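Shown next, in structure tokens, is the structure this report addresses.
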Amino acid sequence: MAGHILVVDDEVEVADLLELYLGNEGYQVYKFNQGKEALECVEKQQVDLALLDVMLPDMDGFHICRMIRKSHYFPIIMLTARVEDVDKINGLMLGADDYITKPFNPLEVVARVKTQLRRYRSYNSQGNEGPGAGEAAGELDIRGLWMSQRTHQSTLFGKKLDLTPREFSILWYLGTHQGQVVSSEELFEAVWKEKYLDNNNTVMAHIGRIREKMQDSYRNQKFIKTVWGVGYTIEK
């Protein structure tokens with residue numbers, strides 16, 4: 001079996017279409033049109049990736065994403081008809097890994113699912129893809145921040161940091177470029193493996209999420225420093 005995919009969408013036609021295309025690729029699909037049932041499924045079944053509609057009858061997809069991220073770190077792709085930047089940033093800040101706007105080509109969704117699963121499994125197995133791939137696999141220890149590329153684990157002052165694979169990759173990339181200022185464009189293209197577009201706030205949203213988990217105050221930045229107009233750095 002290629003994997004277990006959670007599909008949450010109150011549009012029956014959309015959910016059925018995703019189930020058909022994903023099923024044809026060998027994925028087992030858990031399909032729901034309400035958030036409560038979906039969250040119960042996450043706790044009872046193995047889930048490797050979630051496709052979450054933003055607008056649902058009982059709770060929105062952002063809330064579901066937030067609840068999942070309390071204890072699970074598999075990839076999450078948001079599905080929505082809302083195209084405003086603020087909606088995209090909200091999803092990314094809550095821990096989503098990707099964002100697809102309706103109407104969409106189901107083949108594109110399948111491709112995005114495969115990409116996210118490939119990255120997630122790679123990051124959690126050998127750690128030999130993504131940022132730092134050119135570096136020798138090993139560990140980083142920066143003023144109390146410890147990271148292992150091999151095990152994909154990280155701690156801050158001995159306390160576990162629950163980072164998503166993408167958050168880990170961002171922090172690892174900055175750590176392996178310690179003392180250098182990394183632009184948003186470089187960071188995005190290194191982690192997402194896609195061309196950076198102007199006015200893309202994705203990196204900023206993820207940096208904000210990482211700082212929140214590290215309790216690294218925006219006003220008193222101890223680890224990830226913002227160099228205005230240039231990018232981000234972890235100082236030596």
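Just so it is clear, none of the values below were taken in a lab; they were calculated from the coordinates. Model, not experiment: these values are computed from the prediction. Virtual Cβ from ideal backbone geometry, glycine too; neighbours counted across all protein chains shown.
Comparing Pro165, Pro106, Pro57 in a Gaussian network model of the chain (Cα springs below 10 Å), the most mobile by mean-square fluctuation is Pro57. Taking a straight line from the alpha carbon of Lys159, these lysines sit under 29 Å away, with near neighbours fewer than eight places off in the same chain left out: Lys44, Lys70, Lys213, Lys222, Lys225, Lys236. Largest mean-square fluctuation among Phe223, Phe104, Phe168, in a Gaussian network model of the chain whose springs join Cα atoms under 10 Å apart, belongs to Phe104.
Top mean-square fluctuation among Met214, Met78, Met59, Gaussian network model of the chain, C-alpha springs under 10 Å? The residue with the greatest mean-square fluctuation here is Met59.
For the range 182-236, the C-alpha radius of gyration sits at 1.12 times the compact-globule guess of 2.2 N^0.38 Å, with N the residue count. In plain terms, if you count all Cα to Cα distances in the chain and split them into 5 Å steps from zero, the share in each step is 1, 6, 14, 18, 19, 16, 12, 8, 4, 1, 0 percent. Taking the longest Cα principal axis of the chain as reference, the axis of helix 165-176 is set at about 20 degrees. Using only Cα atoms, locate the centre of the range 42-69 and the centre of the range 157-202, then give the distance between them in Å, rounded to an integer. About 25 Å separates the Cα centre of the range 42-69 from the one of the range 157-202. Each of Val227 and Ser183 was given a label point 7 Å from its Cα along the Cα-to-Cβ line. The distance between the two points is 1.2 nm.
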